[in-house]
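Structure first, commentary second.
Derivation of every value follows stated rules applied to the coordinates shown; laboratory data play no part. The structure displayed is predicted, hence computed values, not measured ones. Here the Cβ is made from the backbone with ideal geometry for all residues, glycine too, and neighbour counts use every protein chain on show.
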Amino acid sequence: MNEPIIEIKNLVREFGNKRALDNVSMTIQPGTVMGLVGENGAGKTTLIKHVLGLLKAQQGTVKVFGMDPVSNPEGVLSKIGYLSEEGDMPTWMKVHELMRYSAAFYPTWDDQYAMKLLEEFKLDPGAKLSKMSKGQRSRAGLLVAMAYRPELLVLDEPSSGLDPIVRKDILGAIIRTIADDGRTVLFSSHLLSEVERVADQISIVRNGKILISDNLDTVKESHLRATLLFEEPLSRHPDLAGSLTWSGSGKEWQLTYCGDGKSLDAAAKLLGAKVIERAGLSLEEIFVAQVGAA
Amino acid sequence: MIAARTLAWSIWQRNSRWLILIAGYFVFYGLVIVRLNGTDNHPTLFAVASVFLIFCYLALTGIFMYQDTDVGVRGSAYPTHMFTLPLRTYQLVFVPMLTGTVVFLSSGLAITKLIHGYYPDFPVFWPVMLVTATLAMLQALFWYPLGVPYSKLVLTLIGLPTLVYYVCMPLADKVSELIVCEYLGLVILSCYAIAYHGVAMARQGKIQLFSLKPKITPARIHKQSKWLKFSSPAAAQRWYEWRQQGLILPCLVLFCCSIFSVEMFRERGYVGPVTAQGPNKDGLYPMVWPMISAYAPLLVFLVPVIALIVGCGARRTDIKHSDRTFLLFFGARPMSDGGLVAQKLWMALKSSLVAWGIILVQFMAMLPIRAAVWDAKTQVIVDQDTTIFRMLVSYLNPQFIALTLSFIFVVILLTWRNFIIGFWTELSGKTWLRYGYPIGSIALYIGVDVFLTRRSPGGQPIGPNFEQTVMIIWAINVLRAILATTLIWRQLRSGVLTPRTLLRGAILGSLLLASLMVAVWFYTGSNRPEIATIYHSSPNFAGSLVIGLTVLWTPIVRILMATEMLHQNRHRAT
Amino acid sequence: MQIRITEQDGVPIYLQIVNQVKFLIASGRLTPGEEMPPIRTLAETLTVNPNTVARAYRELENEGIVTKKRTSGTYVSESGPRLSRDECLKILTERIDALLAEAKQMEIGNDEILELIKQRNHLMTNGEPTK
């Protein structure tokens, strides 16, 4: 097994008496796309800031490329392409100045690739960042985050508040980054349909804890929606291990379930019910069920 | 009327904290005037208090201009979101303008009246009219959608000195104050009209467009990038710092030079003898135009002062306003903490050098100006048709050159020191530190000044004597040395400071100290008997060491603090 | 190759690709011997993870529906089993289920639907409008 790109162990972070990250562990192997999913304020950005070394671990360890991002910011940050939610760029720069400036920091900067992206994103190189639309600014940020083909691309809510066309550009960028083999992506989003399209792995974060962290396929296969038909009408839903949410009345009850189909059949049988219908869940439904149940 | 009240209310709502602060300062200033009671006892206190009064008016100007865009904006700087208010354009324009005028007039008159009461020579009306006209002018200028980028800045730089000039000139020529005030009133009224026209245009989305810039195409960048590439990350970061914070000091110095130039190069007879050097080799003294003798030393003195103001935070910042952490862009630079600070120090040095370069050009411009030569023995002007350049040449000797060079070295060092003084407070991301530090320092200086110049009821100075002062300075130096050692120890352990950097810093520091001591030695040397006596002997090694160390410890501790604060704030632990 | 991905239903994306490729072959819109788009291209046009596309191609290859040639790319199998009859029926059944459910909602009887199917078939084969 290769050395993991990111290895976080038992990370704890408190702001005042609010626990922003609670014993978080996460490993990201090279070549994977990790989608970080959670509500606003769940701790996604805090986690990403630890990866960038902008927050120092209070407890636990953070290793990126096997290095500590706090004590070796140069070594870590020069291999990371980063785009934040707000852009957070010096808006007095012009696009071509931003490119020239960024190029100096990264030995792997590819001028031709940068020019190609410039044309693809239809950016005016003479335009000042402050005069550009939010979407164009994000594209400019994406350009300088990608043009040196970083080993790790970190995107924090890259597409929030942007129009669908910019979002598609950003997703395309993620896909191209991993298609160049060996590159890794960590991105957070609350647009679950995007995550479902591009992620290999997902982590669902809630209140600073990681609820689920697994292969997207595994997560999808282990969640299903089923309709149970009971012999007698029930006034409230029965207890069933693995069930997340319930709805229904009388004899027919619908539930979301975490586990494999066979164990559900067995559990239903014990309750004297029959599984009359089952279907897969979209990531969004899984998220709602998991977060609702937690 | 309701509209007027709503707008005035919104100004109050948005700036209440500042307005209260400013009002408080007005009261404080009034108390200072009352306390001084028409005497000359505390000139420093009076000067500092007055400088802050100017800052108050600058802040007020900002508030009434609604200035929240950058000065380079091509369109109107009037906030566009207000265009959607259900108000007539004249209300949008005249309410803030009138409020501003009323506030400026009433507060200004109250202050000048008060000062006039104690110092009968002090003028009452025209200074107030002048600041009011300045406000109206800036409002008109910034709200007018001139299509040229930075035209607002350029016009301000030209317009303000012109306005001041056309007030001072007539007054100097004994034109009555009433006429000057009438003229200023006219200026104010025309500014109202211009502002109205400008905002009306901006509200319809119109702009006076003049496109001058050549279009930048990808092909051009590609060609440029070949030779415009930065040689290293450090070079790129230096460029960033220069564009981010380095330009402000040269710009301000240029502004002062341009203001002074209006008056400086006017012939009004000669004053003199002006020299810090005694007579030249022919036993003659130089005489120059009065404004040159007044403004030239002022310019030299101004640069470190402006650097201090800029250094204390009057510049662009890398700190986010919302949560006081770094802009992620800045924090995520792949560069070590020490590297980031180093580039800031370089930027400060370059900024200081450029500022002094501007002063140098200004002084070069003086060289061909006519000067006169005065004979001390006969008490007559010998030659009226020499130039400043020829006069300087008559002084040239190795000692004079060495003295001049060491002076230039010291003032540049001082400018740089003043520039970097606030880095650590800014990088800490702590608001109270950032604003508290300069205010606290000024309060401390005033306190020390008052303490040192204390007089007994009989008028005898009762402050510490010279030896005691030296002892106090030494004690402070020891404290700083302890602080510096602690910081170096910490940073060596945490890896922020590498032994190599420390060694390089130590060598640089020693070199600086040596050159400082040489410079000090020149001043306390044989040609300065009056200073040399202070050190009991001349030239004095220990004396120059005291001064050298005292000057140097401050930047050393500040740099270490800056690195420490950057480290803390960039990788926050709490 | 027209493939549409939706995140709305619970079907995993790789399975959506597999099913749709199968359908395209069954309906003759992909012919034996035709080259499939490279993984990277398809991933970019669909904006889905290339690993997902690769997985779909693997599944298709395992079922013998496409063949990977070492040098060039992936092709629709020449000889390999077209969709089994079961598979075809399964696809049709799903569609008929949907049709029947909708008809029930609209209160249209089975006989009427059968009649409609005949009519449409007649129209398709003869190209004559029947009123």
Could you derive backbone 3J(HN,Hα) for segment A:110-121 from the dihedral phi with the Karplus parameters 6.51, -1.76 and 1.60 (θ = phi - 60°), listing whole Hz in sequence and x where the residue is Gly or Pro? 10, 4, 5, 4, 4, 5, 5, 5, 4, 6, 4, 7
Pseudo-spin-label distance A:Asp214 to C:Ala54, built 7 Å along Cα→Cβ, given in nm, is 2.2
Grab the other residues whose beta carbon is less than 11 angstrom from that of A:Asp22, score K and R as +1, D and E as -1, and report the net. +4
Along the dipole axis of segment C:13-76 (charges at Cβ: +1 for Lys and Arg, -1 for Asp and Glu; origin at the Cα centre), the most positive-end residue among C:Val66, C:Asn19, C:Thr31 is C:Val66
Over chain B: helical MRE at 222 nm, DSSP H runs n ≥ 4 each giving -39500 (n - 2.57), nearest 500: -23500 deg cm²/dmol
Which residue, A:Asp239, A:Asp163, A:Asp88, has the most motion in a Gaussian network model of chain A that connects Cα atoms within less than 10 Å? A:Asp239
Segment A:186-263, dipole about Cα centre (Lys/Arg Cβ +1, Asp/Glu Cβ -1), debye to the nearest 20: 220
Which Cα, out of B:Tyr144, B:Thr134, B:Ile33, lies furthest along the positive dipole direction of the protein assembly as shown (beta carbon charges, K/R +1, D/E -1)? B:Ile33
So in the protein assembly as shown, what percent of DSSP beta bridges are antiparallel if you round to the nearest 5? 75
Set the Förster radius R0 to 30 Å, insert the Cβ-Cβ distance between A:Ile165 and C:Leu100 as r into 1/(1 + (r/R0)^6), and round the FRET efficiency to 0.05. 0.15
Please report how far the C-alpha centroid of segment C:1-79 lies from that of segment A:119-146, rounded to the nearest whole angstrom. 34
So what J values fall out for segment A:236-249 if you push phi through Karplus, 6.51 cos²θ - 1.76 cosθ + 1.60 with θ = phi - 60°, rounded to Hz, Gly and Pro as x? 9, 5, x, 7, 9, 4, x, 6, 9, 9, 10, 8, x, 7
Amide H of A:Phe15: which non-local residues (sequence gap of 5 or more, or other chain) have their own amide H closer than 5 Å, using H built in the peptide plane? A:Ala20
Residue separation between C:Thr6 and C:Leu89 times 0.36 nm, minus their alpha-carbon distance, gives in nm 27.5 nm
For B:Thr387, other-chain or 5+-apart residues with amide H closer than 5 Å (H placed, Pro excluded) are B:Ala371
With the crude spin-label approximation of a point 7 Å out along Cα→Cβ, what separation in nm comes out for B:Lys174 versus B:Ala573? 7.3
Just C:Ile91, C:Ile13, C:Ile108 to compare: in a GNM of chain C, with alpha carbon springs under 10 Å, which one fluctuates most? C:Ile108
Cα centroids of segment B:408-425 and segment B:1-62: how far apart, whole angstrom? 29
What number results when the radius of gyration of the protein assembly as shown, computed over Cα atoms, is divided by 2.2 N^0.38 Å? 1.25
For B:Tyr78, list long-range residues whose amide hydrogen, built 1.01 Å from N in the peptide plane, is under 5 Å from its own amide hydrogen. none
What Kirkwood Rh does segment C:85-126 have if only Cα atoms enter the pairwise 1/r average? Answer in Å. 11.4
Please report the spacing between the Cα centers of segment B:96-137 and segment B:334-353 in Å, no decimals. 43
Using r as the Cβ-Cβ distance of B:Leu511 and B:Thr486, and R0 as 25 Å, what FRET efficiency do you calculate, to the nearest 0.05? 0.55
Quick one: pull the percentage of alpha-carbon pairs in chain C with a separation above 27 Å. 36
Among the DSSP beta bridges whose two residues both lie in segment A:93-231, what percent are antiparallel, rounded to the nearest 5? 60
C:Lys69: which lysines have alpha carbons under 20 Å from its alpha carbon, excluding same-chain residues fewer than 8 sequence positions away? C:Lys22
Report the label-to-label distance for B:Ala475 and A:Phe15 in nanometres (one decimal), using points 7 Å from each Cα along the Cα→Cβ vector. 4.4
If Lys and Arg each add +1 and Asp and Glu each add -1, what is the summed charge of the other residues whose beta carbon sits under 14 Å from the beta carbon of A:Ala199? -3
One would report the Cα pair-distance distribution of chain B, bin width 20 Å, in %, as 15, 47, 34, 4
Which of the helices in chain B, when you take each full DSSP H run, stretch at least 30 Å along the axis at their Cα atoms and have an average Kyte-Doolittle score of -0.5 or higher? B:2-36, B:43-65, B:89-118, B:151-172, B:177-203, B:290-311, B:337-366, B:398-420, B:431-452, B:466-494, B:499-523, B:541-570
Using the Kirkwood formula over every pair of different C-alpha atoms, what hydrodynamic radius in Å results for segment B:1-121? 16.4
Cross-link reach list, lysines versus A:Lys274, counting only Cα pairs under 17 Å and skipping chain neighbours closer than eight places: A:Lys251, A:Lys262
Dipole magnitude of chain B about its Cα centre, charges +1 at Lys/Arg Cβ and -1 at Asp/Glu Cβ only, in debye to the nearest 20? 2400
How large is the dipole of segment A:85-241 about the Cα centre if only Lys and Arg carry +1 and Asp and Glu carry -1, each at its Cβ, rounded to the nearest 20 debye? 640
Set A:Lys209/C:Lys90; A:Lys56/A:Lys79; A:Lys94/B:Lys152; A:Lys44/A:Lys220, cut-off 31 Å on Cα-Cα distance; pairs above it are A:Lys209/C:Lys90
Enumerate by residue number the trypsin sites (Lys or Arg not before Pro) in segment B:95-184 meeting two conditions: DSSP loop (anything except H, G, I, E, B), and at most 13 other Cβ atoms within 10 Å of the site's Cβ. B:Lys174
Counted charge near B:Phe94, where neighbours are those whose Cβ lies closer than 15 Å (Asp, Glu -1; Lys, Arg +1): +3
Between C:Ile108 and A:Glu231, what FRET efficiency comes out of the Förster formula 1/(1 + (r/R0)^6) with R0 = 30 Å and r the beta carbon distance, rounded to 0.05? 0.35
Please list, or write none, the lysines whose alpha carbon is within less than 16 Å of the alpha carbon of A:Lys116, excluding same-chain residues fewer than 8 places away. B:Lys223
